Amino acid sequence: MMYGGRLPGVFRLLQLHFHFGDGSHMEQGSEHRINHQGYPVEMHLVFWNMKYLSSELAIKSPEGLSVLAVFFKVTSRVNTALEPIVKMLPHVGYKGKARTLSLNLDKIIPWKLTPFYRYKGSLTTPPCTENVIWTVLERPMSMSISQYKVFVNTLSWDSNPYRPVQPLNGRKVTFCNA
Ligand SMILES: [Zn+2]
């Protein structure tokens, strides 16, 4: 569940996914950049607004979705909280493959959620609906180089899995450091 931090309601987790590059550049892979700085991996936790009766309804409705974006940098330390995901990746290497796993989300996102950036935008993958409240955490998490390589080497894609940075088009980005 995600709430507070000036979010309009209580949001329930729908799915999580990762964006990353081809491994050739450590500043490429994330969809967001902070002061032009990119990261090799960006995780998206997608939540739906429980004021709607279902996630299907929320996806099509105003302020229906809230995405928490967490950057990952690559270090020498293994992130044990990520291991269940890393171990499962070779089994879901192709689109449409699914596995069930249990995760401790508290350990996968930073213990302190501020500072963060907030803006209203769209999903970065189809249907790209403009009803998403984005929360981008400034503080990155980390994973080891071997964990990173599992992401890069075991997954396949038709085109780059990250969308290039989009123009702001007058959207306001607020910064919260409370
Ligand atoms: Zn995403």
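The values are calculated or read from the model by the stated rules, or taken from the named source; none is laboratory data. Values in this document were obtained by computation on a predicted structure and should not be read as measured data. Cβ atoms come from the backbone with ideal geometry, glycine included; neighbour counts cover every protein chain shown.
Only residues that are within 16 Å of the ligand (Cβ to nearest atom) and either loosely packed, with under 14 Cβ neighbours inside 10 Å or outside any strand (DSSP E or B) (or both): list them for region 45-60, please.
55, 59
Could you say whether any residue in region 118-133 is among the hydrophobic types (A, V, I, L, M, F, W, C), under 30 Å from residue 172 (Cβ atoms), at pLDDT 80 or above and in a loop (DSSP other than H, G, I, E, B)?
Within region 118-133, none of the residues are among the hydrophobic types (A, V, I, L, M, F, W, C), under 30 Å from residue 172 (Cβ atoms), at pLDDT 80 or above and in a loop (DSSP other than H, G, I, E, B).
Based on this model, can you work out whether residue 81 counts as out of contact with any Cys (no Cβ under 8 Å at 6 or more places or on another chain), within 16 Å of the ligand (Cβ to nearest atom) and either in contact (Cβ under 8 Å) with a residue 24 or more places away in the chain or in a strand (DSSP E or B) (or both)?
Answer is no for this residue.
Please enumerate the residues belonging to region 17-28 that are within 13 Å of the ligand (Cβ to nearest atom) and either buried (at least 20 other Cβ atoms within 10 Å of the Cβ) or touching a residue at least 60 places away in the same chain (Cβ under 8 Å) (or both).
Once the filter is applied, which keeps residues that are within 13 Å of the ligand (Cβ to nearest atom) and either buried (at least 20 other Cβ atoms within 10 Å of the Cβ) or touching a residue at least 60 places away in the same chain (Cβ under 8 Å) (or both), region 17-28 yields 18, 19, 20.
Conditions first: (1) under 29 Å from residue 150 (Cα atoms); (2) free of Cβ contacts under 8 Å to residues at least 40 places away in the same chain. Residue 74 passes all but one, so which condition is the exception?
Looking at each condition in turn, residue 74 falls short on (2).
In region 66-78, which residue that is under 20 Å from residue 129 (Cα atoms) and small (Gly, Ala, Ser) is nearest to the ligand (Cβ to nearest atom)?
69
Check 31, 42, 63 and return the single one that is touching a residue at least 40 places away in the same chain (Cβ under 8 Å), in a loop (DSSP other than H, G, I, E, B) and within 16 Å of the ligand (Cβ to nearest atom).
31 is the lone residue from the list that is touching a residue at least 40 places away in the same chain (Cβ under 8 Å), in a loop (DSSP other than H, G, I, E, B) and within 16 Å of the ligand (Cβ to nearest atom).
For region 112-135, which positions are more than 15 Å from the ligand (Cβ to nearest atom) and under 18 Å from residue 13 (Cβ atoms)?
113, 116
Give the residue that is nearest to the ligand (Cβ to nearest atom), with candidates limited to residues of region 1-15 that are surrounded by fewer than 18 Cβ atoms within 10 Å (Cβ to Cβ) and aliphatic (A, V, I, L, M).
Among residues in region 1-15 that are surrounded by fewer than 18 Cβ atoms within 10 Å (Cβ to Cβ) and aliphatic (A, V, I, L, M), the one nearest to the ligand (Cβ to nearest atom) is 14.
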